[in-house]
Amino acid sequence: MFMAKNFKSEFVKFYKEKLEPYGFKKVKGPQPYFARLVNGEIVHIITYITLSADTPGCKCFELCCGISSIYRKRIRFNITPISYSYSLLTNTDLMTLKDHYYEISHKYRKNYDVEYSEETMQMALEKSLIGAKLIIEQLDKYTDMDSALEFFLKHNGGLTVTFSNLLSDSYSDEEGLYYARKEFDASLIAKCFSDMKRDVELIENEKTKKFSKDALYNGCEERFAANRKKFQDNEELYNEGMKILQQRKEDNLKMLKEYKII
């Protein structure tokens with residue numbers, strides 16, 4: 001009896017072989033995640049999402065990637081990529097923003113989505129390899145928490161490094177607790193914001209675009225610094241935060257072992 005191909009199964013089978021040389025392992029479980037642990041603290045993730053196809057009778061997918069750390073509350077591999085989209089970035093968005101914090105010009109945007117039918121599924125997967133190699137090239141830039149700060153600010157809109165509710169359960173404060181440590185070099189945060197302001201100026205200089213500097217930047221650096229200092233000056237709160245940070249590290253490393261990533 002003829003059985004229709006299952007794209008998720010074909011994707012996992014194809015990319016298990018292709019990503020293994022780069023250190024990625026298939027995450028244990030039903031979801032199509034591949035991950036690798038870098039320098040004991042950074043988790044690189046590659047998967048895909050399904051999209052609407054423009055061609056009748058076809059389906060469409062696009063590779064996605066993300067970076068997590070062992071210091072966030074939880075790394076979630078038990079939900080679908082669509083449900084995890086707040087921590088993932090499409091191939092297209094990654095390449096559009098690879099050199100800047102903001103999209104400088106839409107005319108340089110290239111889409112990396114791939115259409116397929118059951119007959120062309122294998123060809124579509126082969127075609128997507130171009131995007132996969134570009135993704136890996138970008139992920140390779142972020143190998144520790146210092147370098148990953150740029151990624152979190154650039155691709156998560158600053159949400160994962162806010163310092164306003166450092167002990168909250170909200171995903172919007174995931175890495176903030178780590179970057180609020182007294183040992184972390186605050187000059188790295190200042191450099192990232194300097195690059196962000198540079199990009200705002202580039203956008204404002206484009207004749208076809210009008211952006212408000214307040215809308216894009218809006219005093220974030222000052223709030224970051226103020227919240228970070230307030231947290232550090234509260235000894236009881238700070239000590240509690242450091243205990244939570246250590247517990248997160250232990251829990252996430254245990255979880256990564258259960259998912260067969262390490």
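Bear in mind that the values in this text are calculations on the coordinates, not laboratory data. Note that the structure is predicted; figures quoted are calculated from it, not measured. Using ideal geometry, Cβ is built from the backbone for each residue, glycine included, and neighbour counts are taken over all protein chains shown.
As an exercise, find the ratio Rg/Rh for the range 5-51 from alpha-carbon atoms, using the Kirkwood inverse-distance average for Rh.
Numbers: Rg = 11.1 Å, Rh = 11.2 Å.
Here the Rg-to-Rh quotient is 0.99.
How far apart, in nanometres, would the label points at Arg109 and Glu10 be if each is projected 7 angstrom from Cα along the Cα-to-Cβ direction?
2.8
If the cut-off is 20 Å between C-alpha atoms, which lysines fall inside it for Lys229, apart from same-chain ones fewer than 8 positions away?
Here the lysines satisfying the reach criterion relative to Lys229 are Lys182, Lys191, Lys243.
Can you tell which of Gly219, Tyr178, Phe14 lies farthest toward the positive end of the dipole of the chain, using +1 and -1 charges on the Cβ of basic and acidic side chains (Lys, Arg; Asp, Glu)?
Going by the charge dipole, the pick is Phe14.
Once both axes come from the Cα atoms, what is the angle between helix 235-258 and the longest principal axis of the chain, in degrees from 0 to 90, rounded to 10?
That works out to roughly 20 degrees.
If you take the beta carbon distance between Glu240 and Lys98 as r and set R0 to 41 Å, what does 1/(1 + (r/R0)^6) give as a FRET efficiency, to the nearest 0.05? It would help to have the intermediate numbers written out before the result.
Numbers: r = 38 Å, r/R0 = 0.92.
The formula returns an efficiency of 0.65 here.
As I understand it, the value is the acute angle between the Cα axis of helix 186-204 and the longest principal axis of the Cα atoms of the chain; what does it come to in degrees, rounded to 10?
Computed tilt is about 60 degrees.
Rounded to the nearest 10 degrees, what's the angle between the helix 121-139 long axis and the longest principal axis of the chain, both from Cα atoms, 0 to 90?
20
With n ≥ 4 as the cut-off for DSSP H runs, can you work out [θ] at 222 nm for the chain, using -39500 (n - 2.57) per run divided by the number of residues, rounded to the nearest 500? Before the final figure, lay out each step's value.
Working: 9 runs with 114 residues, N = 262.
-13500 deg cm²/dmol, from helical runs alone.
Counting pairwise Cα distances across the chain, what percent come out greater than 30 angstrom? Let's see the in-between values first.
Values: 11769 of 34191 pairs.
Result for the distance tail: 34 percent.
If you take the alpha carbon radius of gyration of the range 1-150 and divide it by 2.2 N^0.38 Å, what ratio comes out, to two decimals? The partial results should precede the final answer.
Working: Rg = 15.7 Å, N = 150, 2.2 N^0.38 = 14.8 Å.
So the range 1-150 has a normalised radius of gyration of 1.06.
Among Asn239, Asn227, Asn91, which one shows the highest mean-square fluctuation when the chain is modelled as a Gaussian network with alpha-carbon springs under 10 Å?
Of the options given, Asn239 has the highest mean-square fluctuation.
Under 5 Å between amide H atoms, partner at least 5 residues away or on a different chain: which partners does Tyr112 have, H built in plane at 1.01 Å?
Thr92
Calculate, for Lys127 and Arg198, the FRET efficiency according to 1/(1 + (r/R0)^6) with r their C-beta to C-beta distance and R0 30 Å; round to the nearest 0.05.
Details: r = 35 Å, r/R0 = 1.17.
With R0 = 30 Å, the Cβ-Cβ based efficiency is 0.30.
For the range 41-146: lysine pairs with Cα atoms under 19 Å, gap of 8 or more or different chains, count? Can you show the working numbers first?
Details: Lys59/Lys127; Lys98/Lys107; Lys98/Lys110; Lys98/Lys133; Lys98/Lys141; Lys110/Lys127; Lys110/Lys133; Lys133/Lys141.
Taking the range 41-146 as the scope, the lysine pair count is 8.
Over every pair of different alpha-carbon atoms in the range 1-85, take the mean of 1/r and invert it; report that Kirkwood radius in Å. Before the final figure, lay out each step's value.
Values: mean 1/r = 0.0704 Å⁻¹.
Kirkwood hydrodynamic radius for the range 1-85: 14.2 Å.
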